[in-house]
Amino acid sequence: MSEINQMPDAGLIEDRSYSQGQLIRRRFFRHRAAITALIIFAGVALLAYTSIGFGPVPGWWDKNYTATYPKIGNGEPTLSLTTFSIGEHPFGQDTIGKDYFALVMRGIQRSLMIAFGIGLISTFIGTLVGVLAGYYRGWIESVLMRLTDFVIVVPTLVFAAVLGQMVGGVLGLTVVLPLVLWTGLARLVRGEVLSLREREYVMAARAAGASDLRIIFRHILPGTVGVIVVAITLAIGAAILLESTLSFLGFGVPPTDTSLGLLISEYQNAFTTRSWLFWFPGLAILTIVLSVNFIGDGLRDAFDPRQTRSKD
């Protein structure tokens, strides 16, 4: 009996045969909710970009989001799930006869472009501020953390609305909205760096004469990758909601283009008479945000260092 108790755990032996990157991938792909969300998210993005095309690349859908077409009835959706049929306008038509499927696909394209741009830029800013504040400490940390506190104190929606009104356009929103979404990551990265900078291997590298840049990129940043990757997914979800809210309030994407929030804003008064004009972009926002958040949960669990073994 004592010999059995002293036998090493088979799972631990199995884990030692994998690199850290392989263990992370194994944990993520065993997270069923994250994988399901990833498939759904990829399906939505693929549908949006292949259906109506993007840039010079044409799509397989024969309707254009800017053209008007003869109204069919009251513009109701022709999509039927009982006897599956797409019909002429699966998502219906808007009040002037535009194909609503094409409009929603265009809205998804614009919202995803803005959200991914905001997520990446805000992650870069937050990582940069957090690393500099945590590694150098002193007056650099004081200045950067006071700046972080100032941005946190200002109401996010008000700050974003002012910036959105000043610049406007898809590119402008993508560039300026990250200025209000980086603070949370900066605090998280700073905390990680404060812990990592005191590790023995970092102190040994410093004693060996390694430069600050080498220490940061070779020894500090790799230890914060998990926090950064998860933060990107959360920032993308938050950016979609923020962009949708700003467009709904009239401070986001201009009416010459479209986005999911702008579609909801334009047709909010038709909710009781033409509910499909509200529900389809609303369901698209809900699907994208939930998918991104579940993917973030899966990445967080995969990078969690407390999970020392893969679960079968």
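The values are calculated or read from the model by the stated rules, or taken from the named source; none is laboratory data. What you see is a predicted model; the values in this text were computed from it and never measured. A quick note on method: Cβ atoms are made from the backbone with ideal geometry, for glycine too, and the neighbour counts reach across all protein chains shown.
Please determine whether any residue of the range 291-298 is in contact with a helix residue (DSSP H, G or I) (Cβ under 6 Å, 6 or more places away or on another chain) and modelled with pLDDT under 85. No, the range 291-298 contains no residue that is in contact with a helix residue (DSSP H, G or I) (Cβ under 6 Å, 6 or more places away or on another chain) and modelled with pLDDT under 85. Considering ILE52, ILE121, ILE114, the condition of being in contact (Cβ under 8 Å) with a residue 24 or more places away in the chain, of a type in the set (A, V, I, L, M, F, W, C) and touching an Asp or Glu at 6+ places or on another chain (Cβ under 6 Å) is satisfied by ILE114 alone.
Reported count of residues in the range 113-124, each being surrounded by fewer than 23 Cβ atoms within 10 Å (Cβ to Cβ) and closer than 18 Å to THR256 by Cα, is 1. Residue pairs whose Cβ atoms lie under 7 Å apart, separated by 6 or more positions or on different chains, with the first residue in the range 274-303 and buried (at least 18 other Cβ atoms within 10 Å of the Cβ) and of a type in the set (Asp, Glu) and the second at pLDDT below 90 and not in a helix (DSSP H, G or I), are ASP301/HIS31; ASP301/GLN307.
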